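Take a look at the structure set out below.
The values are calculated or read from the model by the stated rules, or taken from the named source; none is laboratory data. Just so it is clear, the structure is predicted and the values come from calculations on it, not from any experiment. Cβ: placed from backbone, ideal geometry, glycine included. Neighbour counts: every protein chain shown.
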Amino acid sequence: MKIAIAGGSIAGLACALTLTCTGHDVHVYERSATPLRGRGGGVVVLRQMLRFLEQHGQRTRSMLAVPTHRRRWIDMDGHVIRDDPELLPFSSWDAVYRSLCSMLPPGAIHYGHHVASVAEDADGVDIRFDVGSSAVRADVLIAADGTGSRLRSLLFPGSASSYAGYIAWRGVVDENAFKRDHVADLIENMTLHRSDAELFMTFLIPALDGSLESGTRRFNWLWYRNEPDESSTDSFLTGRDGRRHHVSVAPGELSEPSLAYLHRAALERLPRIVSQLVTATPAPFLQSISDALSPSFAKGRIALVGDAACTLRPHTGSGTSKAADDAVSLAQALATPAPDVVTALDDWAARRRSAVEPLLLKGPRLAQSFGLGYPSH
Ligand SMILES: Cc1cc2nc3c(=O)[nH]c(=O)nc-3n(C[C@H](O)[C@H](O)[C@H](O)COP(=O)(O)OP(=O)(O)OC[C@H]3O[C@@H](n4cnc5c(N)ncnc54)[C@H](O)[C@@H]3O)c2cc1C
């Protein structure tokens, strides 16, 4: 079949890979004009995603992830108040993205293609783009366009994502930007600090070029903070260009008042050993945390995957692995010659939706245990 994918990030590329492997003619349409780079910070790469990358490209945990030994909670004075073994594989969004891109056939990803509308008939789907590109026709369309998915809203009006009541300030800063003894306790450990309605964490991730050599790696940090008042979230989401961004402000785009606020808050509210990471970060960024669940993961010849189908809270650390599972299961569903592709997608959608539902509940429970987000009723 000819399969079009809207969105060329982790979920879209994972689907492109599995569907190409099972013999389909796959084209990814990504709205960004250039390959995505340096945008995502650190990710925990759970077992399904590692298995998927190993099976498809011989990349192993030791090539993608910085070893981590301890999970340490520190108090405001920087003293360790809890210390447990930790073996989570911490990698970077870039490393996972680059691995996926390198495994796809040349020319499979079409940049600068913003899917604007779709029209389905009995034999296929017509896909139209915002400007400058001719429409394409495919047997199946996969919506991998993220939490703010335009396709989900077109297919299921009223299914927009909902704000969860807190935001994540994030950043990445070079390991060698600091004197070794100033950050020694943070090296190859996950370090966390918690206070009322706030959670800070940091861990090392690979260098932007993928290097895992000591001294070349980067500290990734995330600082979750409750912002129940949507007007303050609005002001943080308004970038230096004056535009109100949807759910995230990319590195380099935070406004001067937001940056000043972040630095002030870090110096006042975080232990010195970690506030130095925040204030030394060249281009912090921001994501508001939201929930989204599509009423169904397929409609006719269009399937939804990744955050477009269901956006999990980040504390589950499983967004990329869920995307890998979506991709593998979808390729299996479309590999068996189905007399009717619509029925195959429908069956897949029902199975996938019930498989992800437990993860969907786990996120808010974890968030509440840290005092984050709107209280559940
Ligand atoms: C704070 C935070 C921390 C996280 N930490 C982790 C973690 O530790 N581990 C983990 O596994 N996951 C984590 N995640 C989640 C993870 O990043 C995502 O679940 C995963 O990357 C899958 O994203 P996606 O590809 O579905 O969507 P996205 O990454 O949002 O990609 C959507 C793509 O579609 C493109 N697009 C959008 N609209 C259109 C259109 N109309 N036409 C064409 N292209 C379009 C966009 O440009 C983008 O490239 C975290 C998320 C957040 C917010």
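Data for the structure
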quantity	calculated
Where residue 282 falls short, out of the listed (1) assigned to a strand (DSSP E or B); (2) away from the ligand (no atom under 16 Å from the Cβ)	(1)
Qualifying residue in the range 40-56 (condition: at pLDDT 95 or above and loosely packed, with under 15 Cβ neighbours inside 10 Å)	no
Some residue of the range 279-296 being surrounded by 21 or more Cβ atoms within 10 Å (Cβ to Cβ), more than 19 Å from the chain's Cα centre (by Cα) and at pLDDT 95 or above	yes
Test: residue in the range 128-150 that is among the acidic types (Asp, Glu), over 26 Å from the mean Cα position of the chain (by Cα) and assigned by TED's automatic domain parsing to the domain that holds residue 346	yes
The range 323-347 residues that are closer than 24 Å to residue 97 by Cβ and free of Cβ contacts under 8 Å to residues at least 60 places away in the same chain, paired with ones that are of a type in the set (Phe, Trp, Tyr) and part of a helix (DSSP H, G or I) (beta carbon under 8 Å, 6 or more apart)	329/348
All strands (runs of 3 or more DSSP E) inside the range 127-176 with 3 or more residues being within 13 Å of the ligand (Cβ to nearest atom) and within 30 Å of residue 270 (Cβ to Cβ)	162-174
Residue in the range 219-239 that is charged (D, E, K, R), modelled with pLDDT under 95 and assigned to a loop (DSSP other than H, G, I, E, B) present	yes
Selected residue (only one of 104, 87 is closer than 30 Å to residue 333 by Cα and within 25 Å of the chain's Cα centre (by Cα))	104
Residues (touching a strand residue (DSSP E or B) at 6+ places or on another chain (Cβ under 7 Å) and among the hydroxyl-bearing types (Ser, Thr, Tyr)) located in the range 138-193	147, 149, 161, 162, 163, 166, 191
Residue satisfying condition, being surrounded by fewer than 21 Cβ atoms within 10 Å (Cβ to Cβ) and within 30 Å of residue 141 (Cβ to Cβ), within set 305, 247	247
Residue satisfying all of: in the range 305-323; small (Gly, Ala, Ser) and within 12 Å of residue 43 (Cβ to Cβ); nearest to the chain's Cα centre (by Cα) among these	319
Some residue of the range 108-125 being away from the ligand (no atom under 13 Å from the Cβ), under 30 Å from residue 275 (Cβ atoms), part of a strand (DSSP E or B) and in contact (Cβ under 8 Å) with a residue 60 or more places away in the chain	no
Test result for residue 66, surrounded by 18 or more Cβ atoms within 10 Å (Cβ to Cβ), touching a Leu at 6+ places or on another chain (Cβ under 6 Å), outside the structural domain of residue 172 (by TED's automatic domain parsing) and farther than 30 Å from residue 138 by Cα	no
